[in-house]
Amino acid sequence: MTSKYPAQLHAQRTLEKLQHLLPAADRAKPQLLYLTSEIVHYRNDTDRELSFRQESNYFYLTGCDVPDSAVLIFHPGGSSATLPSVQAVLFIPKDDPLVTMWTPPPPTLVAALETYDFGSVQCTSDLISAATTFLAEYRDTVIHTLPQTAQFPAPSPEFVKSFGSSSTPAYLLSALSLARLIKTPHEIELIRKANAISSRAHEVVMRLLGRDAAGLIQGPREGGAIMPDAWRIEKEAEAEAVFVASCRREGAVHQAYLPIVASAQRASTLHYCCNDRDFAWGPLVHDHTSDLQTTQPNGTSHGKKFIPQVLLLDAGCEWRNYASDITRTTPVGNGGKFTKEAREIYTLVLKMQNESIKVLKPGVHWDTIHRQNHVTLVQGFLSLGIFKGEEKDVLDSGVSAAFFPHGLGHSLGMDVHDVPPASKPDPAFNTTIPEESKKNPEFYTYLRLRLPLEAGMVLTVEPGIYFSPHLLAPVRNSPNINHEVLARYESVGGVRIEDVLLITETGYENLTTVGKDVDWLERVCSGQD
């Protein structure tokens with residue numbers, strides 16, 4: 001993608017949302033938006049730089065990754081925030097030889113003007129003067145900043161001294177969140193790129209597991225340098241390393257979040273980010289109905305074999321600050337095949353996801369799709385014998401929340417859990433909540449999107465089923481659970497399947513390309529594909 005990041009379009013959309021949020025008396029007044037970039041941070045009390053990542057709201061309005069930069073966006077007032085009337089100035093720090101001795105210099109003003117979607121680029125030392133000039137011409141201007149909290153870069157002391165008493169943080173963040181909720185075509189392409197890279201990285205992990213399962217990897221397991229063609233994945237950390245390396249090779253600088261790489265029962269922890277355990281080894285444990293009688297020579301070491309288990313990998317990179325978020329749950333051990341119980345749970349989760357994706361379109365409320373996942377889970381558990389009783393009684397009891405505790409998905413953009421002020425409005429003001437959602441409030445506690453779908457939204461669809469000791473403890477005495485049957489499934493740990501979807505005018509587009517069907521997964525993870 002060679003076109004400039006559409007900062008001016010994003011400024012226009014933000015100003016349009018801002019005008020709807022302002023009190024009626026302020027809507028026609030001139031508006032001034034002021035944001036500062038993220039700065040370079042250092043590790044504790046040292047001079048070691050931490051990885052730089054631009055603050056998302058600032059990047060949305062600038063497309064600029066330069067630390068210590070700033071932006072002023074002026075609108076002279078009136079009924080609409082049309083592009084010709086919006087004036088935006090990007091401020092870039094001057095090159096300091098004492099700094100650039102250690103780090104790359106900022107772009108020159110000429111280079112910045114060619115790179116970014118701005119008609120004017122000045123030095124940061126000129127910011128106060130530029131703001132003063134505008135405010136002298138438009139004396140009743142409303143000055144907007146982000147909240148001065150630890151979550152956002154601090155405004156410059158000079159700006160606070162000059163204009164802090166006359167600025168307000170009450171509206172800008174909400175306006176930005178509403179604007180960012182619906183993606184522009186340029187943003188969609190960046191998200192598409194991030195998901196393509198991450199999809200391939202997931203498949204690299206699967207295929208490396210499969211090559212080892214088929215005995216195709218030869219080389220030392222420990223000691224000395226191990227070249228990539230001899231890499232094995234026998235630990236959570238090794239799976240993470242392969243995933244991140246694959247993304248980095250394709251130019252993705254950052255992961256969108258800490259990868260979740262959870263094997264065996266650890267897959268029941270939703271945000272397990274330790275990624276520091278070996279896969280489960282040991283003599284094979286023959287569970288009553290599990291098809292473990294023939295185990296192929298995958299994951300062998302010192303006469304031991306992997307215990308059949310799942311590997312839940314929830315990971316996604318960023319591309320130019322736009323996120324991906326993909327989860328795949330794959331079989332490890334057992335020749336790269338799921339056990340009977342794991343396959344049944346995986347098939348049910350896949351059904352939940354496929355049913356959800358099929359009904360995605362503008363106008364459908366996210367609560368409704370989320371609730372249907374609980375219905376499908378209850379029906380599936382009744383069929384497997386884990387639940388007992390009448391379907392309506394089991395659903396109304398809310399017991400399914402112990403197995404599917406999180407939301408079906410969330411908005412995604414520059415942040416993996418994108419724009420929460422807009423995607424999950426204050427319940428006191430959210431008039432869109434369906435009446436049916438009030439029946440089981442426990443289903444929606446962690447649902448991060450509580451709105452009807454709109455074209456241009458990007459969101460995840462990520463149902464899961466978990467057998468967490470902590471979540472199951474309160475329902476151990478539930479009359480709706482057959483605890484003897486449940487015990488046969490608890491060793492599965494957890495299964496989650498997650499894709500990124502774009503809502504279109506007529507339905508959806510799945511931006512995640514890595515496979516997830518059971519037969520395909522088992523062929524890849526057993527080295528047969």
### Task
Using the structure shown, decide if Leu284 is over 30 Å from Lys183 (Cα atoms), among the hydrophobic types (A, V, I, L, M, F, W, C) and modelled with pLDDT under 95.
yes
### Query
Of these, Ser69, Ser85, Ser51, Ser56, which one is small (Gly, Ala, Ser), within 22 Å of Gln148 (Cβ to Cβ) and out of contact with any Ser or Thr (no Cβ under 6 Å at 6 or more places or on another chain)?
Ser56
### Query
Only one of (1) in contact with an Asp or Glu (Cβ under 8 Å, 6 or more places away or on another chain); (2) not in a helix (DSSP H, G or I) fails for Leu360. Which number is that?
(1)
### Query
When you look at Arg48, is it more than 20 Å from Ser156 (Cβ to Cβ), at pLDDT below 95 and either open to solvent by 30 Å² or more (accessible area, probe 1.4 Å) or touching a strand residue (DSSP E or B) at 6+ places or on another chain (Cβ under 9 Å) (or both), yes or no?
yes
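Residues are listed down the side, and each one gets a yes or a no for (1) in contact with a Ser or Thr (Cβ under 6 Å, 6 or more places away or on another chain); (2) of a type in the set (A, V, I, L, M); (3) within 28 Å of Arg248 (Cβ to Cβ):
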position: Leu135; (1), (2), (3): yes, yes, no
position: Leu146; (1), (2), (3): no, yes, no
position: Gln151; (1), (2), (3): no, no, yes
position: Ser156; (1), (2), (3): no, no, no
position: Leu176; (1), (2), (3): yes, yes, no
position: Ile188; (1), (2), (3): no, yes, yes
position: Asn195; (1), (2), (3): yes, no, yes
position: Arg200; (1), (2), (3): no, no, yes
position: Arg207; (1), (2), (3): no, no, yes
### Message
Take the conditions modelled with pLDDT of 95 or more, open to solvent by 10 Å² or more (accessible area, probe 1.4 Å) and in contact with an Asp or Glu (Cβ under 8 Å, 6 or more places away or on another chain) and apply them to Pro107. Does it pass?
### Response
no
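Which members of region 219-278 meet the condition of being part of a helix (DSSP H, G or I), touching a strand residue (DSSP E or B) at 6+ places or on another chain (Cβ under 7 Å) and among the acidic types (Asp, Glu)? Don't jump to the end; show me each part of the working.
First, pick out the residues of region 219-278 that are part of a helix (DSSP H, G or I): 228-230, 236-249, 264-268.
Then keep just the ones that are touching a strand residue (DSSP E or B) at 6+ places or on another chain (Cβ under 7 Å); that gives 236, 239-240, 243-244, 247, 264, 267-268.
Correct list: Glu236, Glu240.
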### Query
When you look at Ile226, is it β-branched (Val, Ile, Thr), in contact with a Leu (Cβ under 9 Å, 6 or more places away or on another chain) and either open to solvent by 50 Å² or more (accessible area, probe 1.4 Å) or at pLDDT 95 or above (or both), yes or no?
no
### Query
Hey, among the residues in region 21-39 that are hydrophobic (A, V, I, L, M, F, W, C) and open to solvent by less than 50 Å² (accessible area, probe 1.4 Å), which one's farthest from Gly164 (Cα to Cα)?
Leu22
### Counted residues, region 396-455 - those being surrounded by fewer than 20 Cβ atoms within 10 Å (Cβ to Cβ), assigned to a helix (DSSP H, G or I), more than 20 Å from the chain's Cα centre (by Cα) and not acidic (Asp, Glu)
4
### Query
Considering region 120-172 alone, what residues qualify as being open to solvent by 50 Å² or more (accessible area, probe 1.4 Å), under 20 Å from Leu18 (Cβ atoms), in contact with a Leu (Cβ under 9 Å, 6 or more places away or on another chain) and touching a residue at least 12 places away in the same chain (Cβ under 8 Å)?
Tyr138, Ser166, Pro169, Tyr171
### Query
Does region 175-191 contain at least one residue that is assigned to a helix (DSSP H, G or I), closer than 17 Å to Asp499 by Cα and open to solvent by 30 Å² or more (accessible area, probe 1.4 Å)?
yes
### Summary
When restricted to His374, His365, the only residue touching a Pro at 6+ places or on another chain (Cβ under 6 Å) and surrounded by fewer than 24 Cβ atoms within 10 Å (Cβ to Cβ) is His365
### Query
Quick one: how many residues across region 474-488 are outside any loop (DSSP other than H, G, I, E, B) and either open to solvent by less than 60 Å² (accessible area, probe 1.4 Å) or in contact with a strand residue (DSSP E or B) (Cβ under 7 Å, 6 or more places away or on another chain) (or both)?
4
### Task
Please enumerate the residues belonging to region 328-353 that are open to solvent by 10 Å² or more (accessible area, probe 1.4 Å) and closer than 27 Å to Pro441 by Cβ.
Leu348, Lys351
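Taking region 306-362 on its own, how many of its residues are within 18 Å of the chain's Cα centre (by Cα) and not basic (Lys, Arg)?
Going through region 306-362, the residues within 18 Å of the chain's Cα centre (by Cα) turn out to be 312-329, 353, 357.
Those still in the list that are not basic (Lys, Arg) too: 312-319, 321-327, 329, 353, 357.
Of the residues in that region, 18 qualify.
Could you say which residue among Val514, Val495, Val524 is modelled with pLDDT of 95 or more and in a strand (DSSP E or B)?
None of the other options fit; the residue is Val495.
The values are calculated or read from the model by the stated rules, or taken from the named source; none is laboratory data. Source: prediction; values computed, not measured. Methodologically, a virtual Cβ is constructed for each residue, glycine included, from the backbone with ideal geometry; neighbour enumeration extends over all protein chains shown. Ligands, DNA and RNA are excluded from the accessible area calculation, which covers all protein heavy atoms including side chains. Shrake-Rupley method; radii C 1.70, N 1.55, O 1.52, S 1.80 Å.
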